[in-house]
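What follows is a set of notes on a single structure, which appears directly below.
The values are calculated or read from the model by the stated rules, or taken from the named source; none is laboratory data. Fair warning: this is a prediction, and the values are worked out from it, not measured in the lab. Virtual Cβ from ideal backbone geometry, glycine too; neighbours counted across all protein chains shown. Heavy atoms of the whole protein, side chains included, go into the accessibility calculation; ligands, DNA and RNA do not. Shrake-Rupley method; radii C 1.70, N 1.55, O 1.52, S 1.80 Å.
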Amino acid sequence: MSCPNKYVEYMHKYLDKEITKEEEQVLKEHLMTCEDCQGHFHELKRTITLLQSTSNIQAPANFTRNVMASLPKEKKRISYQRWFKAHPIVTAAAIFFLLIFTSLSSMWNENEQLTVSKTEGIVIEGNTVIVPEGQVVQGDLLVKNGNLQIEGKVEGNVTLINGENLLASAGEVTGKIEEINQVFEWLWYHTKKTVGDLFTFTIKGF
Amino acid sequence: MENFIRQKIKQIKKGDQAAFEEVVSFYQNKVYQICYRMLGNSHEAEDIAQEAFIRAYTNIHSFDDKRKFSTWIYRIATNLSIDRIRKKKPDYFLDAEVQGTEGLNMYSQLSADQPLPEEEVETLELQSYIQKQIQSLPEKYRSIITLRYVDDLSLQEISEILDMPIGTVKTRIHRGREALRKKLRDL
């Protein structure tokens, strides 16, 4: 073809609806005089018609159903993540409580050995703490990881943590008796104590 | 229609899986067609089209609501098809020597006298003949021609789908169209 390339260029621009009015005019005038270009243009348009006429390809019959059947079940983890992202304050609070909980539970597991808050006038036999008959213990008594047997008298509160039994029948306790065997009870006790200490401290401060 | 799809996508994002069904049935033919045009095999086309919808569903949260969903799903389908074509590339070459022979290569295994295009037209349906011609285009022209005539997409949309400068899209569509014109001239 001896015609300048610009005519073919215009044809493609025309087919992509990108041609300007002036260019279209130039192309039209040229096509009227040039048979070769007319043929070229005709072939291009025919190619497109062929492409479009055969572009009614349908997806297979059960396509949508197959897609729906193979969709992944929404993972729990993902929805949690999304929820956490949407509620940052709740997440922060949850993490805070988790940290407190873990630190306290590790404290609970830490010392397995027998602990007694005071040793004055008290007999320790193996795993058992005995307040002997006739003995008077002044103030509160706390026993951890051991049994307590009171035959004498305790003037104050008695707390038994993780102890197997409290044999206070023979003795006398003037204050409260508290027995803690569960982690949660222990946690509650700890919280109460901390809050109580805090209050005492604050009051003393004033 | 755009609004209908937009609303459905909002529901999907909230976790309503059933809303996806209508989106699939609305786009299935176009997406399947893109895959078929690219791959030239109905089995693979179904496979890749299905994969495209599953990908769209699992990544729906990364879809920007302000954009057109069609552009997005066509992009996924086109990219998956291109990946499949590249994986399919044969790992043997026609000019490699056939084992156990001297100087014989794979060209000698091909039938010498292929039927003329006119004869082929008689035996093949128009549909599959045209598909065959599209198939013979280089991949870079094939994807553009496919997108241009599957849904009458604008050059701008094609450039977005293929992530390609619009100038490149123009050049390639011109060359692809010229190549097809020559192939289909005698039809």
Query raised in the report: Once the other residues with Cβ under 12 Å from the Cβ of B:Ala19 are scored (Lys, Arg +1; Asp, Glu -1), what is the net sum?
Result: +2
Report task. With label points built 7 Å along Cα→Cβ from the Cα atoms of A:Ala69 and A:Phe101, find their separation and express it in nm. Result -> 4.2
Query raised in the report: Mind checking which lysines have their C-alpha under 26 Å from B:Lys182, skipping anything on the same chain fewer than 8 residues away?
Result: A:Lys6, A:Lys13, A:Lys17, A:Lys28, A:Lys45, B:Lys89, B:Lys132, B:Lys140, B:Lys170
Query raised in the report: So if we plug the beta-carbon distance of A:Thr200 and A:Glu120 into 1/(1 + (r/R0)^6) with R0 = 22 Å, what FRET efficiency do we get, rounded to 0.05?
Result: 0.40
Query raised in the report: So, counting K/R as plus one and D/E as minus one, what does the shell of residues with Cβ under 9 Å around B:Val150 add up to?
Result: +1
Report task. Under 11 Å from the Cβ of A:Asn157, count the other residues' Cβ atoms, weight Lys and Arg +1, Asp and Glu -1, and hand me the total. Result -> -2
Report summary line: Across B:28-35, the residue-averaged tally of Cβ atoms belonging to other chains within 10 Å stands at 4
Query - Accessible heavy-atom area order of A:Trp186, B:Trp72, A:Trp83, highest first, probe of 1.4 Å - result: A:Trp83, B:Trp72, A:Trp186
**Report entry** For the pair A and B, total buried accessible area rounded to nearest 100 Å², probe 1.4 Å
**Finding:** 3600
Requested in this report: State the extension gain, in nm to one decimal, for the chain segment bounded by A:Gln138 and A:Glu155, taking 0.36 nm per residue of separation less the distance between their alpha-carbons.
Outcome: 5.6 nm
